[in-house]
1. With the condition kept exactly as written, say whether any residue in region 25-36 is in a helix (DSSP H, G or I), at pLDDT 85 or above and surrounded by fewer than 18 Cβ atoms within 10 Å (Cβ to Cβ).
2. Is it true that Phe225 is in a helix (DSSP H, G or I) and more than 16 Å from the chain's Cα centre (by Cα)?
3. Out of region 69-86, which residues are open to solvent by 50 Å² or more (accessible area, probe 1.4 Å) and at pLDDT below 90?
4. Taking Val21, is it assigned to a helix (DSSP H, G or I), at pLDDT 90 or above and open to solvent by 80 Å² or more (accessible area, probe 1.4 Å)?
5. Any residue in region 210-227 that's under 11 Å from Leu97 (Cα atoms) and of a type in the set (Ser, Thr, Tyr): show its pairings with residues that are in a helix (DSSP H, G or I) and open to solvent by less than 10 Å² (accessible area, probe 1.4 Å) at Cβ separation under 7 Å, as long as the two are six or more apart or on different chains.
6. One residue is enough: does region 121-135 have a residue meeting the conditions out of contact with any helix residue (DSSP H, G or I) (no Cβ under 8 Å at 6 or more places or on another chain), without any contact (Cβ under 8 Å) to a residue 12 or more places away in the chain and open to solvent by 50 Å² or more (accessible area, probe 1.4 Å)?
7. Give the residues of region 314-327 that are open to solvent by 40 Å² or more (accessible area, probe 1.4 Å) and in a helix (DSSP H, G or I), sorted by residue number.
8. So which of Leu196, Leu236 ends up being at pLDDT 75 or above and either under 30 Å from Asp113 (Cβ atoms) or surrounded by 15 or more Cβ atoms within 10 Å (Cβ to Cβ) (or both)?
Amino acid sequence: MSSQQDVPRLFHIPLKYISLVTLTFQNSALILIMHYSRVMPGYDSNSRYFASTAVLLNEIIKLVVCSVVAAFDRGPRLAWVEVFSRDCWKLAIPACLYTVQNSLQYVAVSNLDAATFQVTYQLKIITTAIFSVTMLHRSLSPLKWMSLLMLTVGIALVQLPHDVISFVASSFNLTLRLTGGSEDESETAEKEHHALEGEDEMNRTLGLVAVLIACILSGLAGVYFEKVLKGTNASLWVRNVQLSFFSLFPAFFIGVLMKDGDVIAEKGFFFGYNAVVWTAIGFQAGGGIVVALCVNFADNIAKNFATSISILLSFVASVYFFDFKVTANFVLGAVLVLIATYLYSKPDRRPSSAGTQNKEEYRPVPLHSTTSEETSPRTPRPPLAAFNEKQQ
C-alpha cells in the first residue's frame, strides 16, 4: 500500500505511464512534422526555410524556458552561480556535438521519408554502445552484442534498394513485393509517391550519410556527457541551460553566419516560415525539455518500448500521409530493429552475490540540486544515458 502511494503521480496517473505516452508522441510526431516541413507542397529548395535558423531558434527557446525554471527553482543569483560554475566549460563539447547533430537531422528528414529515418536513426544505439565500451570501459553481454548485430542487419535491409532485394529474390524464384498489382498500377503508385514538392528533390544517399554522422555524434556526445558529469549534483534545468547556452555559438556562427549568411542577408532570417515550421521548432524545443523531464520517471524498458511504438506510428503515418511505398525489405528490417531494441533493453542476468558487488551505478541529472547527504549509494538511480539521449 505504501509503495503505491510513493509512486509519483500527476492527476492521479502514475508519471511512468505519462512519460511513456509523452515519449511515444514526441518521438513520432516530431519526425513527421519535421519531414513535412521540408517537403510540404508549394515550397522547393529555393523557397524553403533555412534549417540553420530553426536550429538556432530551438536553442534560444530551450535556453529561455530552462533559465526561467532554474531561476524560479533555485533563485536568480544561485542559478547564475550554478550555471556559470568553474566546470561549466565542459558542457561546450557535447553542446557543439548536439548542435551539429540537430542540423544533420534536418538534412536527413529532407532526404529520407519519416519511417526510414526513424528506423535508421536507431543506429545511435550501436554508436552509444561502442563509445560506452571504449570510453567508459563497460562490458556488454553476449545478448547485447547479438542485438547490436541484429540491429545492424535490420537497418541495412531498410536502406537496401528494393531492386537489389527483388534481384536476389528472383534468383531463388521468390516473390517479395508487397505492393502487388500490375506494372501500370505500380507506375501509378510510384508517381503518387512523389506528389509532394520536396520528395522529388530527395537524395537518399545524402540522407543516409547525414543519419550516420548524426548517430555517431549522438553516441559520442551522450557518452562524453555521462563521463564528465558522473557524480555531479547540478539540477536538470541547470544542465539544460548550460547546454543551450553553449549551443548558441556554433548554431549562430557556423550555421547562420558561415553556412547561410549570404542568403539570410538577402531573403531574411524568417524566410519560408509558416505555422508548420514553427510547430516543428516548438516540438523540437519543448518536446526535448518535456521528454528529458519525463524520462526520470521511466525505466529503460519503457523508453525503448516508446521508441518501438513511435517507429510503428511513423510507418503507418508515412503510408497514409506521404504515400510511402511498403517493401518487403523495409518490413523485415523494421521487425529486426524492433526485436533488437527490445533485446538490448533487457537487463542482464547476473548472480546475486557477485553481480551486486560489481555492478556499477550511474545517477541521472536530478530535477533539483542535491547535496552529498541526499544522494546515498543505497538509493539506486536509473542510467544517466536516459537523459543524454534526449538532448538533441
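1. For region 25-36, residues in a helix (DSSP H, G or I), at pLDDT 85 or above and surrounded by fewer than 18 Cβ atoms within 10 Å (Cβ to Cβ): absent.
2. The answer is no for Phe225.
3. Once the filter is applied, which keeps residues that are open to solvent by 50 Å² or more (accessible area, probe 1.4 Å) and at pLDDT below 90, region 69-86 yields Asp73, Arg74, Arg86.
4. Details: assigned to a helix (DSSP H, G or I): yes; at pLDDT 90 or above: no; open to solvent by 80 Å² or more (accessible area, probe 1.4 Å): yes.
No; evaluated as a whole, the condition is false for this residue.
5. Note: pairs meeting the criteria are Ser218/Gln101; Tyr224/Pro94.
6. yes
7. Correct list: Phe315, Val316, Val319, Tyr320, Phe321.
8. Leu236
The values are calculated or read from the model by the stated rules, or taken from the named source; none is laboratory data. Since the model is a prediction, treat every value here as computed from it, not as a measurement. Because the Cβ atoms are built from the backbone with ideal geometry, glycine has one as well, and the counts that use them run over all protein chains shown. Heavy atoms of the whole protein, side chains included, go into the accessibility calculation; ligands, DNA and RNA do not. Shrake-Rupley method; radii C 1.70, N 1.55, O 1.52, S 1.80 Å.
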